[in-house]
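The values are calculated or read from the model by the stated rules, or taken from the named source; none is laboratory data. Bear in mind the structure is a predicted one, so any value in this text is a computation, not a measurement. Cβ: placed from backbone, ideal geometry, glycine included. Neighbour counts: every protein chain shown. Surface areas here come from the heavy atoms of the whole protein model, side chains and all, with no ligands, DNA or RNA. Shrake-Rupley method; radii C 1.70, N 1.55, O 1.52, S 1.80 Å.
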Amino acid sequence: MPAIKFRGVDFIDFETLLNDDERLVRDTTRKFIEDNLVPIIEECNRAGRFPRELVKPMADLGFFGASLDGYGCAGMSNVEYGLVTQELERGDSGVRSFVSVQSALVMYPIYTFGSDEQKNTWLPAMQKGEKIGCFGLTEPDFGSNPGGMRSRARKVGKEYVLNGEKMWITSGTIADVAVIWAKVEDEGDKIRGFLVETDRAGFKADDIHGKWSLRASVTSGLSLQDVRVPESNLLPGSGGLKSPLMCLNQARYGIAWGAVGAAMACYDCALQYSLLRKQFRDQPIASHQLVQEKLAWMISEITKAQLLVLQVGRLKDAGKVQHQHISMAKRNNVWMALECARLARDILGANGVADDYPIMRHLMNLESVKTYEGTHDIHALIIGASVTGIDAF
Ligand SMILES: Cc1cc2nc3c(=O)[nH]c(=O)nc-3n(C[C@H](O)[C@H](O)[C@H](O)COP(=O)(O)OP(=O)(O)OC[C@H]3O[C@@H](n4cnc5c(N)ncnc54)[C@H](O)[C@@H]3O)c2cc1C
């Protein structure tokens, strides 16, 4: 079977809904992924290795903090940023996760809640990929319900002392700085964000091994035992659970686009394979009605997902997006991508389980994407609360 090369997916001339700048950003990212990530990703996935050599080239293309203004950031529109994440995740969800965390979960809170000194210290260096960040919200006992967190910060003189455990933290062991969310004892247990340099005494990060998903992404546990930071490391504008949720909203938006990329990769691979692979009367499997039904389902759902996330992006650029819009896009598009990956895997038969093709890797990655940044079901509750006015958590 000859190698299958991605050709892009566009059933309804979606292209015409994008402007020249948007198409340029998408095409540049697509070429970068094709030239730099596709040739190495299966090896990275097997080895459980994050392709750190791509950090600098990704920084040079403006991927980090892409939608922020100033500090060397690219100042892209939200739709342009979405198209970047689509193309990144077409390559691999783990690499897209790295960019999402760096941009939406670390640079965004510094940009939004940080002091001028914090912004000047971290944002230019993170944009250039010289410094890496991680985001510590989830704990061993608190995932979907982060408000229950046990991590605590106590004010002692001009310092805060932090204690707690964080779990499932992307980029934890490669980060220079961690955004740590903790309840501040002296402020009635209000949740606030802290910048914790990872070389501080009492801070420890260990990788989580044995993951069958996002293997090209580093995932870690963090432990903070009496970690002292100066009071200037508190993110002054942060306050309450709303602050980390605002960050998650940024990341979820990128994921909603990213899922379209993963689905496109699976669909296009399955379509090309089905035209090459012959079974019964020397006919391509694409000639069988049941195979066509699977392809029709995939292209229909990808097309709907593209339109949904583009409209959410347009609303975001107009300053009109609501968190429930982003929840719908994340929930629908990740579910759609996972279903596409399963159907595509099925169309490839036994070849579908091997890493000569990207499908099984996408399928396994998408299981994590379904869970993180608000699970599929938590987003159903967010949409449900929005339409009924009743909180069902
Ligand atoms: C690879 C990976 C990377 C991650 N990276 C980060 C990171 O960088 N930073 C970070 O802070 N976190 C990160 N996470 C953690 C992620 O955000 C959590 O896994 C997620 O919030 C879900 O929490 P949980 O795994 O504890 O599941 P739980 O909250 O225990 O949920 C388990 C199941 O119960 C369901 N459930 C829970 N509550 C309800 C309810 N009220 N009603 C109905 N169903 C419910 C859920 O939908 C789910 O199906 C990462 C996770 C993974 C897998």
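When you check ALA318 against the structure, is it more than 16 Å from the ligand (Cβ to nearest atom) and open to solvent by less than 40 Å² (accessible area, probe 1.4 Å), yes or no?
Numbers: more than 16 Å from the ligand (Cβ to nearest atom): yes; open to solvent by less than 40 Å² (accessible area, probe 1.4 Å): no.
No: the conditions fail for ALA318.
Somewhere in the stretch 248-258, is a residue under 27 Å from the mean Cα position of the chain (by Cα), within 24 Å of ILE382 (Cβ to Cβ), part of a helix (DSSP H, G or I) and without any contact (Cβ under 8 Å) to a residue 24 or more places away in the chain? No: zero hits.
Quick grid of which residues meet (1) under 19 Å from the mean Cα position of the chain (by Cα); (2) under 27 Å from GLU22 (Cα atoms):
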site	(1), (2)
SER300	no, yes
ARG314	no, yes
HIS323	yes, yes
LEU348	no, no
ASP356	no, no
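Looking at the stretch 78-101 only, could you name the residues that are β-branched (Val, Ile, Thr) and within 10 Å of the ligand (Cβ to nearest atom)?
So in the stretch 78-101, the residues β-branched (Val, Ile, Thr) come out as 79, 84-85, 95, 99, 101.
Correct list: VAL101 only.
Looking at SER223, SER274 in this structure, which one is over 26 Å from the mean Cα position of the chain (by Cα) and open to solvent by less than 70 Å² (accessible area, probe 1.4 Å)?
Details: SER223 fails: over 26 Å from the mean Cα position of the chain (by Cα).
Among SER223, SER274, only SER274 is over 26 Å from the mean Cα position of the chain (by Cα) and open to solvent by less than 70 Å² (accessible area, probe 1.4 Å).
Taking the criterion of being hydrophobic (A, V, I, L, M, F, W, C) and over 25 Å from the mean Cα position of the chain (by Cα), the residues of the stretch 120-176 that qualify are ALA153, VAL156, VAL161, LEU162. Counted as qualifying within the stretch 102-216 are the strands (runs of 3 or more DSSP E) with 2 or more residues that are more than 16 Å from the ligand (Cβ to nearest atom), namely 152-156, 159-170, 190-197. Beta carbons closer than 9 Å, at least 6 apart along the sequence or on distinct chains, pair a first residue in the stretch 355-378 that is without any contact (Cβ under 8 Å) to a residue 40 or more places away in the chain and more than 6 Å from the ligand (Cβ to nearest atom) with a second that is outside any helix (DSSP H, G or I) and open to solvent by less than 50 Å² (accessible area, probe 1.4 Å) for MET360/LEU348; MET360/ALA354. Among residues of the stretch 136-165 that are closer than 18 Å to LEU195 by Cβ, those with a Cβ under 6 angstrom from a residue that is open to solvent by 70 Å² or more (accessible area, probe 1.4 Å) and at pLDDT below 95, sequence gap 6+ or separate chain, pair up as LYS155/ASP186. Check the stretch 38-45 and report whether any residue there is open to solvent by 10 Å² or more (accessible area, probe 1.4 Å) and closer than 17 Å to ILE255 by Cβ. Checked the stretch 38-45: no residue is open to solvent by 10 Å² or more (accessible area, probe 1.4 Å) and closer than 17 Å to ILE255 by Cβ. Here LEU310 meets each of (1) of a type outside the set (Val, Ile, Thr); (2) free of Cβ contacts under 8 Å to residues at least 12 places away in the same chain; (3) out of contact with any strand residue (DSSP E or B) (no Cβ under 9 Å at 6 or more places or on another chain) with one exception, condition (2).
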